[in-house]
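Asker: Can you keep this structure in mind? I'll have questions shortly.
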Amino acid sequence: MGPRTAAETFRKRTADAKHYRVTLYGSLAATGKGHLTGNAVREALAPARVQIIWKPDFAKKRHPNALTIDACDGAKRGVTATFYSIGGGAIEEEGSSGKRAGDVYRISSMKQMLAWARTRGKTIASYVFETEPAIEKYLAKVWRVMRQAIRRGSTASGVLPGVLKLERKASSYHAKANNARSVVRDVTLVFAGALAVAEENASGGIVVTAPTCGAAGVLPSVLSYIAQVNGVTEKKIIEALAVAGMIGNIVKTNASISGAEAGCQAEIGTACAMTAGAAAYLFGGTSRQIEYAAEMGMEHHLGLTCDPVAGLVQIPCIERNAMAAMRALEAAIYALASDGMHRISFDDVVATMKRTGHDLGSAYRETSAGGLALHFTKNGKQSISIGIRKTKRRKRP
Ligand code: SF4
């Protein structure tokens with residue numbers, strides 16, 4: 001989404017150009033084929049001719065997801081711009097400071113958020129609605145799109161695009177959930193929702209970035225499960241989305257939601273924190289309990305690497321959405337059973353995630369050069385084998 005937005009932005013500035021050169025750097029180039037980045041850029045610049053140069057071994061200092069676009073002809077020939085895809089579809093341009101979440105929300109840390117809620121006796125959701133009154137309508141649309149993605153993904157079948165030829169699983173999980181009972185039914189239902197959205201994303205369908213496309217299944221699956229089982233109103237769900245958004249903004253402002261910048265902890269970890277906080281809110285948690293749930297959602301993903309197999313957002317991403325959805329529910333329930341007091345704050349864990357992300361080698365930050373990605377080549381073939389080496393049995397003397 002980021003590269004597409006960048007290309008659309010540049011296209012508007014150089015409308016008469018018929019030839020562009022696009023250079024993809026760092027992880028954008030390393031996983032660009034699997035993420036269909038080339039197609040997205042070509043579509044955004046169509047009908048112009050687009051020459052794409054892949055530079056996976058060169059990462060720009062500001063952010064590992066970078067692209068430069070040059071207009072090669074027309075009145076604006078020679079015009080060039082470099083953009084950074086900073087996660088969740090957002091872009092920043094070289095030479096700009098970048099419009100960050102903090103520009104809209106004066107509160108940029110959980111500590112400030114809790115102090116605001118405590119002194120006024122109000123909820124986190126009410127802060128969001130007071131700051132951005134129009135967002136309520138927008139969040140209603142977000143919820144609609146999330147439910148549509150679950151519905152579509154739960155009935156679709158077949159193989160996902162790409163060299164892995166991965167079968168869609170959401171519909172069979174959905175059917176199994178309907179035939180199961182008690183805890184097995186509930187857990188399978190949460191899995192099914194997360195798989196449905198993650199598979200929609202992997203097939204190029206419409207999803208809500210929450211906070212990114214790769215981690216888009218966590219929040220809708222848990223919200224949909226709670227709505228179904230606890231019968232909460234749409235108004236409450238929209239408030240929970242506001243809580244989730246506030247948590248995501250705090251992470252984005254103080255750390256990162258980009259797998260290329262800080263590993264999967266930044267994507268799935270943030271999705272889990274947002275979802276845990278939203279679920280705690282729906283279960284009637286206090287702001288402190290919401291903070292605790294979000295802290296656990298992130299804390300127990302610290303160090304999680306980003307190593308998408310064959311550069312596709314499929315393995316481990318799809319299953320990871322299902323696992324994180326359950327972890328978010330657990331974190332919410334755990335926090336609800338407490339008084340909300342705990343030692344490591346959400347802000348501390350966000351700062352830790354940022355440091356940990358920078359300490360991760362680049363092979364573990366969306367380059368498909370390490371971890372699980374090593375088990376397959378770019379064309380989806382098994383590249384190395386692991387197993388238990390058979391040792392010869394010693395003869396007894
Ligand atoms: S492994 Fe990487 S690509 Fe997959 S969900 Fe995590 S951050 Fe996104």
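The values are calculated or read from the model by the stated rules, or taken from the named source; none is laboratory data. Quick caveat: nothing in here was measured; it's all calculated off a predicted structure. Neighbour counts run over all protein chains shown; Cβ positions are idealised from the backbone, glycine included. Only protein heavy atoms, including side chains, enter the accessible area calculation; ligands, DNA and RNA are left aside. Shrake-Rupley method; radii C 1.70, N 1.55, O 1.52, S 1.80 Å.
Asker: For Ser172 and Thr155 in the same chain, what is the full-extension length gain: residue separation times 0.36 nm, less their Cα-Cα distance, in nm?
Answerer: On the way: separation 17, 0.36 × 17 = 6.12 nm, distance 0.89 nm.
Gain on stretching Ser172 to Thr155: 5.2 nm.
Asker: Lone cysteines in the chain, going by a 4.7 Å Cβ-Cβ cut-off?
Answerer: Cys72, Cys213, Cys272, Cys317, each lacking another Cys Cβ under 4.7 Å.
Asker: I've got another one for you. Hey, any idea what Rg/Rh is for the stretch 259-378, computing Rh the Kirkwood way over Cα pairs? Mind showing how you got there, number by number?
Answerer: Numbers: Rg = 15.0 Å, Rh = 14.4 Å.
Ratio value, two decimals: 1.04.
Asker: What is the magnitude of the charge dipole of the chain about its Cα centre, with +1 placed on the Cβ of each Lys and Arg, -1 on the Cβ of each Asp and Glu, and no other charges, expressed in debye to the nearest 20?
Answerer: That gives the chain a dipole magnitude of about 1440 debye.
Asker: Measuring from label point to label point, each 7 Å out along Cα→Cβ, what is the Ala134 to Ile344 span in nm?
Answerer: It works out to 4.0 nm between the two label points.
Asker: Additional query: In nanometres, what is the gap between the two model label sites at Ser362 and Phe58, each 7 Å from Cα along Cα-to-Cβ?
Answerer: Calculated label separation equals 1.2 nm.
Asker: Additional query: Choose one of Ser338, Ile53, Val229: the residue whose Cα lies farthest towards the positive end of the charge dipole of the chain (beta-carbon charges +1 Lys, Arg; -1 Asp, Glu; about the Cα centre).
Answerer: So the residue we want is Ile53.
Asker: Within the stretch 231-265, find all residues whose amide N lies under 19 Å from a label point positioned 7 Å from the Cα of Lys111 along Cα-to-beta-carbon.
Answerer: Output list for this probe position: 247-256.
Asker: Give me the one-decimal Kirkwood hydrodynamic radius in Å for the stretch 48-113, with the sum taken over alpha-carbon pairs.
Answerer: Numbers: mean 1/r = 0.0687 Å⁻¹.
That comes to 14.6 Å for the stretch 48-113.
Asker: Give Lys111/Lys236; Lys12/Lys122; Lys61/Lys165 a once-over and call out the pairs whose C-alpha atoms are over 32 Å from each other. Present the calculation step by step, with values, prior to reporting the outcome.
Answerer: Details: Lys111/Lys236 24 Å; Lys12/Lys122 43 Å; Lys61/Lys165 35 Å.
In this structure, Lys12/Lys122; Lys61/Lys165 exceed 32 Å between Cα atoms.
Asker: Per residue, what accessible area does the chain have, given a 1.4 Å probe and all protein chains present, in Å²?
Answerer: On the way: 18970 Å² over 397 residues.
For the chain, the per-residue accessible area is 48 Å².
Asker: Residue by residue, what Karplus-based ³J(HN,Hα) values in Hz, rounded to whole numbers, does the stretch 139-144 have, using 6.51, -1.76 and 1.60 with θ = phi - 60° and x for Gly and Pro?
Answerer: With the stated coefficients, the stretch 139-144 comes to 5, 5, 5, 4, 5, 4 Hz.
Asker: On to the next question. Once phi is turned into θ = phi - 60°, what whole-Hz ³J(HN,Hα) does the Karplus curve with 6.51, -1.76 and 1.60 give for every residue of the stretch 110-118, x standing for Gly and Pro?
Answerer: 5, 4, 5, 4, 5, 5, 4, 5, 5
Asker: Ile91's amide H: which non-local residues (gap 5+, or another chain) put their own amide H closer than 5 Å, with H modeled 1.01 Å from N in plane and none for Pro or chain starts?
Answerer: Amide H to amide H, under 5 Å and 5 or more residues apart or across chains, Ile91 pairs with Ile86.
Asker: At q = 0.17 Å⁻¹, what log₁₀ I(q)/I(0) does the stretch 127-204 have when each alpha carbon counts as one equal point scatterer in the Debye sum?
Answerer: One equal scatterer on each Cα of the stretch 127-204 leads to -0.71.
Asker: So, one more: Considering only DSSP beta bridges where both residues belong to the chain, give the percentage that are antiparallel (nearest 5).
Answerer: Values: 18 of 26 bridges.
Once the DSSP bridges in the chain are tallied, antiparallel ones form about 70 percent.
Asker: Which three lengths, in whole Å and largest first, does the chain cover when its Cα atoms are put on their principal axes?
Answerer: 79, 62, 42
Asker: Just to verify a number: FRET efficiency for Glu234 and His375, C-beta to C-beta distance, R0 = 51 Å, to 0.05?
Answerer: Details: r = 43 Å, r/R0 = 0.85.
With a Förster radius of 51 Å, E is 0.75.
Asker: Assign one of three labels to the stretch 2-93, namely rounded, prolate or oblate, based on the Cα gyration tensor with a ≥ b ≥ c the square roots of its eigenvalues; rounded applies when a/c is under 1.5, prolate when it is not and a/b is larger than b/c, and oblate otherwise.
Answerer: On the way: a/c = 1.68, a/b = 1.60, b/c = 1.05.
Judged from the Cα gyration tensor, the stretch 2-93 comes out prolate (a/c at least 1.5, a/b above b/c).
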